[in-house]
Amino acid sequence: MHSNKSFRDLKPFEQKIWLSSPTVHGDDEMKYVREAFETNWLSTVGANINECEKITAAKIGCEYAVALSAGTAALHLSVRLAAERLYGPAPAGVGALMGHKVFCSDMTFDATVNPVAYEGGEAVFIDSERDTWNMDPKALERAFEIYPDVRLVVIAHLYGTPAKMDKIRKVCNAHDALIIEDAAESFGASYKGRQTGSLGDYGVISFNGNKIITGSSGGMFLTDSREDADKVRKWSTQSREDAPWYQHEELGYNYRMSNIIAGMIRGQLGHLEDHIQAKKDIYYRYKEGLKDMPLSMNPFDKANSEPNFWLSCAIIDEDAMCKTVRGENDYLYVSESGKSCPSEILDVLAHFNAEGRPIWKPMHMQPIYRNHPFITAEGNGRARSNAYIDEGRALDVGADIFRRGLCLPSDNKMTHEQQDAIIEMICRCFV
């Protein structure tokens, strides 16, 4: 498949090795799903929902959790809630953030930032730091210097790795800014002994099919305020008023979690720590198996944080990168001796029936958001955002990580032998 690199003695996996597929335990989930059917609680109320909220709030260390249809729904209602708190209620049909900017993590899935657009706001993207790949506190501080009127920050914990929340909180406090914490990928991760999802003004987790705990879908809104929890619960059920008929006085949404989905999540919640340990083992097996290769694993703040290791990622050393270029929907690379690139490694893995992924493409590089402001630690980075390297120096961190990084197969049902084979494939890419 590559004339200068030999893979001929390797065989494709008989069953596909996934990036991160659902891990289910059979009877544990079915017990509560079956209970929902047998009691006929098949809608958006029921014991499974109540218990999921109770267990999740206890795990996170917050007072209230509201079960919603998706993490995106939780993010949307968090954004609307923060906007009303900052700027007051908006008329129906008018975005609550209309005319306002919001600082957002740049390297994330677009679900983190889309709710800002839902409410008519303008996302300003903050570059990543190399220490954690998360929002750079120095870039955030520079952003407030450029846009001192901003009062809302949306931050994501990338791939289950906590951001430096004490530094980010300090910057936000100095500017009276609220924090929405997107912990969709980091359920079970902690920073300085506190769970992600409890470190901002509002928190969000996801139970999407690829997450560390899954109901096939679903999410949670997290808060210490009963008033805020009640408001989100009301909004998520079409904002029905307490009246004998359907009375609506404000805009609502159909965002509540199904009691059937909650049954699956309820059955999985007791396995969270086991899932985290399995993901952690995968990360450190990669780290050991690839230690002699010209790449490194995704970093984290070892002194202060404990990730949930949702996805194991790697970044290739600059001098080991082969010639490569990406367009909007395709890519090219030259297979070079002693060098490789994310696209080549991903092609090799796919050939042998294993799924990897590119790193999230930063939001400031996405066509939909390309005209939005983008701030680096040095200041306004928009004019330079499409130039990755200048005289050997990365012009912005997120674009550089996207260029050199990739997500490795991280399914916690992968055997040691299968992971060893994947490690061998990666090593041969650098022959």
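Numbers below:
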| read-out | value |
| --- | --- |
| From the options Phe103, Phe125, residue that is in contact with a Cys (Cβ under 7 Å, 6 or more places away or on another chain) and among the aromatic types (Phe, Trp, Tyr) | Phe125 |
| Residues within region 156-188 that are aliphatic (A, V, I, L, M) and surrounded by 24 or more Cβ atoms within 10 Å (Cβ to Cβ), tallied | 8 |
| Filtered residues of region 56-102 (kept if in contact (Cβ under 8 Å) with a residue 60 or more places away in the chain, farther than 22 Å from Asp230 by Cβ and not basic (Lys, Arg)) | Gly93 |
| Those residues of region 94-136 which are under 28 Å from Ser312 (Cβ atoms) and surrounded by fewer than 24 Cβ atoms within 10 Å (Cβ to Cβ), in sequence order | Phe109, Asp110, Ala111, Asn114, Glu129, Arg130, Asp131, Thr132 |
| Tally of residues being part of a loop (DSSP other than H, G, I, E, B), in contact (Cβ under 8 Å) with a residue 40 or more places away in the chain and buried (at least 23 other Cβ atoms within 10 Å of the Cβ) across region 197-218 | 8 |
| Count of residues meeting criterion [assigned to a helix (DSSP H, G or I), closer than 14 Å to Arg233 by Cα and of a type outside the set (Gly, Ala, Ser)] in region 68-91 | 5 |
| Residue in region 244-262 that is touching a Lys or Arg at 6+ places or on another chain (Cβ under 7 Å), touching a residue at least 60 places away in the same chain (Cβ under 8 Å) and more than 20 Å from Leu19 (Cβ to Cβ) present | no |
| Checking Thr237 against (1) closer than 18 Å to Leu158 by Cα; (2) hydroxyl-bearing (Ser, Thr, Tyr); (3) surrounded by fewer than 16 Cβ atoms within 10 Å (Cβ to Cβ), the condition it does not meet | (1) |
| Residue list for region 348-382, filter: modelled with pLDDT of 95 or more, over 21 Å from Gly405 (Cα atoms) and in a helix (DSSP H, G or I) | Ile368, Tyr369 |
| Test: residue in region 141-160 that is under 18 Å from Lys59 (Cβ atoms) and assigned by TED's automatic domain parsing to the domain that holds Glu63 | yes |
| Close pairs from region 275-288: first in the same structural domain as Leu311 (by TED's automatic domain parsing), partner part of a helix (DSSP H, G or I) and of a type in the set (A, V, I, L, M), Cβ under 8 Å, at least 6 apart | Arg285/Ile423; Tyr286/Ile423 |
| Scan of region 35-55 for residues that are without any contact (Cβ under 8 Å) to a residue 40 or more places away in the chain, in a helix (DSSP H, G or I) and over 19 Å from Ser225 (Cα atoms), ordered by number | Glu38 |
| Single condition Glu53 does not satisfy, out of (1) in contact with a strand residue (DSSP E or B) (Cβ under 7 Å, 6 or more places away or on another chain); (2) among the charged types (D, E, K, R); (3) not assigned by TED's automatic domain parsing to the domain that holds Arg266 | (3) |
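A quick yes/no check of all residues on (1) over 28 Å from Ser21 (Cβ atoms); (2) buried (at least 23 other Cβ atoms within 10 Å of the Cβ):
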site: Trp310; (1), (2): no, yes
site: Cys322; (1), (2): yes, no
site: Arg326; (1), (2): no, no
site: Tyr331; (1), (2): no, no
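The values are calculated or read from the model by the stated rules, or taken from the named source; none is laboratory data. This structure is a prediction, so every number in the text was calculated from the model and none was measured. Glycine gets a Cβ as well: all are built from the backbone with ideal geometry, and neighbour counts include every protein chain shown.
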